[in-house]
């Protein structure tokens, strides 16, 4: 009886192992199945797009307004899997009073997509600081959404020209990044890259992050999908996905010495409600402004209100008179 049970268990284990191997092989084949031809960035760029080279890598950015004496320049940093298009509503509103630049991080949007590159938040922040130097920005307020918030925090810690930090539902205490992306065992990074290259998947993924999914129009999806159509996307995004890490900004929070504004969408499906107050407690000299009817993309769902909150905060004497060291 015991030997029969052992034979059954061995066969069951063999069967499970075989099925798992077949599944893994199938996923690997799917992940590495040829991606549609990628296009040169020049063929995808729009008339509003500008480009700047930093350490041999090219950033895409857009600019609103112009630099003013005693007025900060705002550098807007998008979230995971997105691009500067996420600031299409907020940036023009902020530009009524301030100089504004929205930029694609390396590996995203229409910025360059190298394979052998450190995509962690600290190096990304350093490259953005260098881009800000190339654009001759002084007295910078870094504005980051989601992943971009974590990168923005890294930037204000490293950049002596930073005078403020705005965090839009940032990925600092928790990232909100899908669990599958957090697994870096091959072929999962390549699978994640391929999923994010699917227009249908990206549309569903985006809409699930909004209180009002109608904000995610066909044009918005088209703009988001430019990254997946651009040269170098698949190999670079596979590399990016394989470098996932979270939580390092929590330890850096105590080193933030500039004023901080936290516009928070309370209906964020990827983040617990109490995270907003936890973040405020974590950051010295921070102001929390909550938006009850907005979710993760607070700056897209309440652009007028968020812009006003940012401008009011920027008009504080401490920021109006601030000068970087």
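Conditions (1) free of Cβ contacts under 8 Å to residues at least 60 places away in the same chain; (2) in contact with a helix residue (DSSP H, G or I) (Cβ under 7 Å, 6 or more places away or on another chain); (3) loosely packed, with under 15 Cβ neighbours inside 10 Å; (4) closer than 18 Å to residue 234 by Cβ, marked per residue:
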site	(1), (2), (3), (4)
62	yes, yes, no, no
83	no, yes, no, yes
90	no, yes, no, no
126	yes, yes, no, no
135	no, no, no, no
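For segment 8-41, how many residues are out of contact with any helix residue (DSSP H, G or I) (no Cβ under 7 Å at 6 or more places or on another chain) and modelled with pLDDT of 95 or more?
Count: 2.
Return the residue satisfying two criteria in turn: it lies in segment 262-285 and is within 12 Å of residue 169 (Cβ to Cβ) and in a loop (DSSP other than H, G, I, E, B), and of such residues it is modelled with the lowest pLDDT.
Filtering segment 262-285 for residues that are within 12 Å of residue 169 (Cβ to Cβ) and in a loop (DSSP other than H, G, I, E, B), the one modelled with the lowest pLDDT comes out as 270.
For segment 286-307: of the residues being in a helix (DSSP H, G or I) and in contact (Cβ under 8 Å) with a residue 60 or more places away in the chain, which is surrounded by the fewest Cβ atoms within 10 Å (Cβ to Cβ)?
304
Given the criterion crowded, with 24+ Cβ neighbours inside 10 Å and at pLDDT 95 or above, identify the matching residue among 166, 157.
Going through 166, 157 in turn, the sole match is 166.
Report, by residue number, each residue of segment 268-285 that is surrounded by 16 or more Cβ atoms within 10 Å (Cβ to Cβ) and in contact (Cβ under 8 Å) with a residue 24 or more places away in the chain.
Matches in segment 268-285: 268, 270, 271, 275, 279, 282, 283.
Going by what's in this entry, would residue 172 be described as at pLDDT 95 or above and surrounded by fewer than 19 Cβ atoms within 10 Å (Cβ to Cβ)? Quick ask: steps written out before the conclusion?
Details: at pLDDT 95 or above: yes; surrounded by fewer than 19 Cβ atoms within 10 Å (Cβ to Cβ): no.
So residue 172 fails the test.
Going through 51, 80 one at a time, which residue ends up being modelled with pLDDT under 95 and under 20 Å from the mean Cα position of the chain (by Cα)?
From the options 51, 80, the qualifying one is 80.
With the requirement that a residue be modelled with pLDDT of 90 or more, within 13 Å of residue 259 (Cβ to Cβ) and part of a helix (DSSP H, G or I), what does segment 310-325 give you?
If the condition is that a residue be modelled with pLDDT of 90 or more, within 13 Å of residue 259 (Cβ to Cβ) and part of a helix (DSSP H, G or I), then 310, 312, 313, 314 are the ones that fit.
The values are calculated or read from the model by the stated rules, or taken from the named source; none is laboratory data. Please read all numbers here as calculations on a predicted model, not as lab measurements. Virtual Cβ from ideal backbone geometry, glycine too; neighbours counted across all protein chains shown.
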